[in-house]
1. Near the amide H of B:Ile92, under 5 Å away, which other amide H atoms are found, from residues 5 or more places off or on another chain, if H is placed in the peptide plane?
2. Students often forget the sequence filter, so: which lysines lie under 25 Å Cα-Cα from E:Lys18 once same-chain residues fewer than 8 apart are removed?
3. Which distances in nm, rounded to one decimal and ordered from shortest, link the label point of A:Thr67 to the equivalent label points in the other identical copies, with labels set 7 Å from Cα toward Cβ?
4. How big is the dipole moment of chain C about its Cα centre under a simple scheme where the beta carbon of each Lys and Arg is +1, that of each Asp and Glu is -1, and everything else is neutral? Debye, nearest 20, please.
5. Between A:Gly38, A:Gly71, A:Gly52, which gets the highest mean-square fluctuation from a Gaussian network model of chain A, Cα cutoff 10 Å?
6. Each residue of region B:85-92 in turn: what ³J(HN,Hα) in whole Hz from Karplus with 6.51, -1.76, 1.60 and θ = phi - 60°, glycine and Pro shown as x?
7. Just to verify a number: FRET efficiency for E:Glu88 and E:Lys23, C-beta to C-beta distance, R0 = 35 Å, to 0.05?
8. Can you pull the semi-axes for the protein assembly as shown, root of five times each eigenvalue of the Cα gyration tensor, sorted largest first, whole Å?
Amino acid sequence: MLIGEVVGTVVATRKDEKLVGLKFQVVREVDERNVPTGKYVVAVDAVGAGRGDRVLYAAGSSARQTTLTDGRPADAVIMAIVDSWDVEGEAIWSEQAPVGEGGA
Amino acid sequence: MLIGEVVGTVVATRKDEKLVGLKFQVVREVDERNVPTGKYVVAVDAVGAGRGDRVLYAAGSSARQTTLTDGRPADAVIMAIVDSWDVEGEAIWSEQAPVGEGGA
Amino acid sequence: MLIGEVVGTVVATRKDEKLVGLKFQVVREVDERNVPTGKYVVAVDAVGAGRGDRVLYAAGSSARQTTLTDGRPADAVIMAIVDSWDVEGEAIWSEQAPVGEGGA
Amino acid sequence: MLIGEVVGTVVATRKDEKLVGLKFQVVREVDERNVPTGKYVVAVDAVGAGRGDRVLYAAGSSARQTTLTDGRPADAVIMAIVDSWDVEGEAIWSEQAPVGEGGA
Amino acid sequence: MLIGEVVGTVVATRKDEKLVGLKFQVVREVDERNVPTGKYVVAVDAVGAGRGDRVLYAAGSSARQTTLTDGRPADAVIMAIVDSWDVEGEAIWSEQAPVGEGGA
């Protein structure tokens, strides 16, 4: 999985019928220090994430292992909202009090 | 998924029999700000997209989860035509009135 | 899928038994303007492609969806020979009269 | 597989129900000379790895082949703790006495 | 598949039980001209390759299609030892008499 920030939403009314009812979030990838990498992905939201949340997303066939995405043509899914993470003993992110944001 | 622009079509009459009847579109990848990334993909069109459309495409085994592509040797599929998307509260694209196109 | 040019062949007599009888082609990736990207892949040939052909190849599990590659440890397959393609209304390649070759 | 160093942990209490009970480790990728590549991944820990360990991790659907990750939406798993490795006859890493660390 | 050179071995005694008995080789990726690309992978050896051999390796779910790797959490496998290959009519490599080695 990779860590990303939810930054927006994609609206698509004309789509494969298996995609009806899914929400597509625009997710910006960040590195392990919470610095944006310049990459993004559009992921199905399986956990109700909101703008500004740091999330974990899975790609490929693993993205179809949630109940929501089973058998659907989606190759990326937000499967967790991140509360916090640390690297080498330093707190990089905490939802209540973000630290180190973009501070590499 | 990633967002792309449909820019062309590939014609291939000599192909694996499982591919007969599929339409192959040339799709240019754009980033979350609608700026071309320099990458492209040839994707099976499952939704009737046309040139200039912004689309969502899925890769890998997920590309075989549409009714059209089930069991076929295709690793990329256009599974939705994008109506609009926004990033950080800003409208990046709307089919009726494109904004921010390539304006990074 | 991506577009590539068949440029050579790999000979390997010592291999997993499931690979016996498959032909391995060296394929150079080109971009949507027919310019080499610097990447390559070794792909199983499911369609009888020859040197100089532009082909479509699929990667990952999709590469095992041809009758030839079903259940075999191959992660790339040539599943179509390209007759022609166009980008933004311009003919980029036609087998009878190649145009725009490497001319970006 | 790739080799990585376990450098941290991700806490996520709001997640897909299939992920309950899994531990998420932040893993920094290193190259074959034990030099960080700048990439990272968040992987499910199937072997009880700790901070500073060099580990092997698998990605994609292969990450779901451990008993721990079967059927879960995870696309990366730590499936082995590395004792040692060598390249061209030179010992690059040994858990008891690391050598060549970052020394490229 | 990609072509690589076997350059070393990884020892890991603490691992997922499904990995017991597999040999992990360090493989340096080379391009179609036999020039190292700077990338590497750790692959399960399904064919008894040795140091210095040029090999073909498959990634992703295809890596689990050998009898040796079926159902195991491995995402890369050496499935063939290369005897020789050619590009644009030029012999790039032959096991008995290597040519063009690293000669970019």
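We did not get these values from a lab; they are worked out from the coordinates using the rules stated. This is a predicted model, so every value here is computed, not measured. FYI the Cβ positions are ideal-geometry reconstructions off the backbone, even for glycines, and counts take in every protein chain you see.
1. B:Trp85, B:Asp86, B:Val87
2. In chain and number order, the partners are C:Lys15, C:Lys18, D:Lys18, D:Lys23.
3. So the label point of A:Thr67 gives 2.6, 2.6, 4.2, 4.2 nm to the other copies.
4. On the way: 11 positive and 16 negative charges, 134 e Å.
That gives a dipole near 640 debye.
5. Comparing A:Gly38, A:Gly71, A:Gly52 in a Gaussian network model of chain A, the most mobile one is A:Gly38.
6. 8, 9, 9, 6, x, 9, 6, 8
7. Numbers: r = 35 Å, r/R0 = 1.00.
E between E:Glu88 and E:Lys23, to the nearest 0.05, is 0.50.
8. Numbers: eigenvalues 213, 213, 80 Å².
Working from the Cα gyration tensor, I get semi-axes of 33, 33, 20 Å.
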